[in-house]
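**Student:** I have a structure I would like to understand better, so I am pasting it below and will then ask my questions one at a time.
The values are calculated or read from the model by the stated rules, or taken from the named source; none is laboratory data. Note that the structure is a prediction, hence the values are computed from the model and not measured. Here Cβ is always computed from backbone atoms with ideal geometry, including for glycine, and neighbour counts include all displayed protein chains.
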Amino acid sequence: MVFVTRHASLVTVLVMLACAGCGTINPAINEGNYLTYDHPFTDAAARAVLQNAEKICAERKLSAVKTTSACSLKQCTTHYQCVDRTVK
């Protein structure tokens, strides 16, 4: 039983560390339909940024499209644009 408890605690700690800094990610710049994010260079942060852009664009009845992304070994700047995807 002690092993299971320690294992569960270790898993909990690892999950918490993996998500540290991934909390609420908001655009650094939100100008019209253009969103710019500065975020850590992690898969979790990239997913959080995408979800946030999709949420903001959906509130405007638009779709989020990633236009550019540039990263160092620690930080990224990612740009999204909210666009109308309806075919006319």
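**Student:** What pairs come up if the first residue lies in the range 30-47 and is within 13 Å of residue 68 (Cα to Cα), the second is aliphatic (A, V, I, L, M) and in a strand (DSSP E or B), and their beta carbons are under 8 Å apart, counting only those six or more places apart or on different chains?
**Tutor:** 35/29; 35/64; 36/29
**Student:** Only residues that are closer than 12 Å to residue 80 by Cβ and exposed (fewer than 15 other Cβ atoms within 10 Å of the Cβ): list them for the range 41-57, please.
**Tutor:** Scanning the range 41-57 gives 51, 55.
**Student:** Shifting gears a bit: Exposed (fewer than 14 other Cβ atoms within 10 Å of the Cβ), more than 14 Å from residue 25 (Cα to Cα) and without any contact (Cβ under 8 Å) to a residue 12 or more places away in the chain - does that describe any residue in the range 64-76?
**Tutor:** Within the range 64-76, one or more residues are exposed (fewer than 14 other Cβ atoms within 10 Å of the Cβ), more than 14 Å from residue 25 (Cα to Cα) and without any contact (Cβ under 8 Å) to a residue 12 or more places away in the chain.
**Student:** Checking the structure you have, find out if any residue of the range 38-58 is in contact with a helix residue (DSSP H, G or I) (Cβ under 8 Å, 6 or more places away or on another chain), aliphatic (A, V, I, L, M), assigned to a strand (DSSP E or B) and at pLDDT 95 or above. So that I can check it myself, show each step before the final result.
**Tutor:** Our first condition is that a residue be in contact with a helix residue (DSSP H, G or I) (Cβ under 8 Å, 6 or more places away or on another chain); within the range 38-58, this holds for 39, 44.
Subsequent filtering for residues that are aliphatic (A, V, I, L, M) retains 44.
So of that shortlist, the ones also assigned to a strand (DSSP E or B) come out as none.
Checked the range 38-58: no residue is in contact with a helix residue (DSSP H, G or I) (Cβ under 8 Å, 6 or more places away or on another chain), aliphatic (A, V, I, L, M), assigned to a strand (DSSP E or B) and at pLDDT 95 or above.
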